[in-house]
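The values are calculated or read from the model by the stated rules, or taken from the named source; none is laboratory data. Here the structure is a predicted model, which means the values were calculated and not measured. Methodologically, a virtual Cβ is constructed for each residue, glycine included, from the backbone with ideal geometry; neighbour enumeration extends over all protein chains shown.
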Amino acid sequence: MKSYIVGNWKMNFTVGESSVYLHKLSARVHAYRDIEVVVAPSFISLQPLSLQLDRKKIRLAAQTANARDFGAYTGEVSMAQLRGIVDYCIIGHSERRQLFHETDKCVRSAVAAALRNQIRPILCVGETETERTFGETCDVLRDQVLGGFSEVSTEDLEKVIVAYEPVWAISTTSGAKIAGPDDVAEAVKFIRRIIAVAYGKEISEKVAVLYGGSVSPANAGAYLTVPGVNGLLVGGASLIADKFIDIIETAKRVKS
Ligand code: PGA
């Protein structure tokens, strides 16, 4: 299976800065057969970057989008509007769930809307620190994975990418809060088991599962060698092009 290295820029960079970054990235990455390099800029940068980039090397993702196609929803951007501009959309990121009150229902509808518009969903799942402390990780992952998949047709299941992002390990600078490869291995195995029980083993092996949460050039190799991990969702470290390129090069080394 391909590896996916996805940079989530969150609410950073102006349109001009995004373009300069992409220029630098394009000069340093090649068209890899077994690695998909994806960046997720703000909405405002997506359209200009889509004209600038070489899709053989780099693909675009949106960071969220509305599941409804068109209508009176002031300030929203829909999957239908993103069709043809992005190849991927991050859905249900913990910041969307926590800060913007996105419910499981929003997430479920957005996954279906993405697929309807030829966009591959990157479905984020992961437990909070409190949920982990109370031993609820498995229940949370089961609800989020099955919820996210619930409106997907059988033939589209393998297009969904799941990103395991333990909320307690996102954007942490202190080493104490970093998820160890063993934590990741266990969660990823559990996610595949959930999919296997619901849809069969064959599908569960075709669904790409990424890890995200304080990924850096220093730890990328350790996460990428965890059995069952098919790539990384990178936040903070993706804001520095050199670091993101380092992570892509690590993925290349791991693959070869
Ligand atoms: P981080 O963010 O790499 O800064 O922890 C990851 C994410 O939020 O997707």
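Go over the candidates L239, L224 one by one and state the one that is near the ligand (Cβ under 10 Å from one of its atoms) and either over 20 Å from W9 (Cα atoms) or touching a strand residue (DSSP E or B) at 6+ places or on another chain (Cβ under 9 Å) (or both).
Working: L224 fails: near the ligand (Cβ under 10 Å from one of its atoms).
Of L239, L224, the one residue that is near the ligand (Cβ under 10 Å from one of its atoms) and either over 20 Å from W9 (Cα atoms) or touching a strand residue (DSSP E or B) at 6+ places or on another chain (Cβ under 9 Å) (or both) is L239.
Of all residues in the range 130-172, which are without any contact (Cβ under 8 Å) to a residue 40 or more places away in the chain and either within 16 Å of the ligand (Cβ to nearest atom) or not in a loop (DSSP other than H, G, I, E, B) (or both)? Full working, then the answer.
Within the range 130-172, the subset without any contact (Cβ under 8 Å) to a residue 40 or more places away in the chain is 130-136, 139-140, 143, 153, 155.
Scanning the range 130-172 gives T130, E131, R132, T133, D139, V140, D143, E155.
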Which of the residues spanning the range 103-129 are outside any loop (DSSP other than H, G, I, E, B), surrounded by fewer than 17 Cβ atoms within 10 Å (Cβ to Cβ) and at pLDDT 95 or above? R116
Of the residues that make up the range 4-23, is at least one at pLDDT below 95 and either under 28 Å from S214 (Cβ atoms) or surrounded by 20 or more Cβ atoms within 10 Å (Cβ to Cβ) (or both)? no
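Out of F70, F100, which single residue is exposed (fewer than 14 other Cβ atoms within 10 Å of the Cβ), within 16 Å of the ligand (Cβ to nearest atom) and of a type in the set (F, W, Y)? Even if it seems obvious, please write down each step before you answer.
On the way: F70 fails: within 16 Å of the ligand (Cβ to nearest atom).
One residue alone meets the criteria, F100.
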Please state which of the following conditions G231 fails to meet, knowing it meets all the rest: (1) touching a Phe, Trp or Tyr at 6+ places or on another chain (Cβ under 8 Å); (2) more than 15 Å from the ligand (Cβ to nearest atom). (2)
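Condition check ((1) assigned to a helix (DSSP H, G or I); (2) touching a His at 6+ places or on another chain (Cβ under 9 Å); (3) surrounded by 19 or more Cβ atoms within 10 Å (Cβ to Cβ)) across all residues:
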{"residue": "V188", "(1), (2), (3)": "yes, no, yes"}
{"residue": "V215", "(1), (2), (3)": "no, no, yes"}
{"residue": "P227", "(1), (2), (3)": "no, no, no"}
{"residue": "L232", "(1), (2), (3)": "no, no, yes"}
{"residue": "S238", "(1), (2), (3)": "yes, no, yes"}
{"residue": "D246", "(1), (2), (3)": "yes, no, no"}
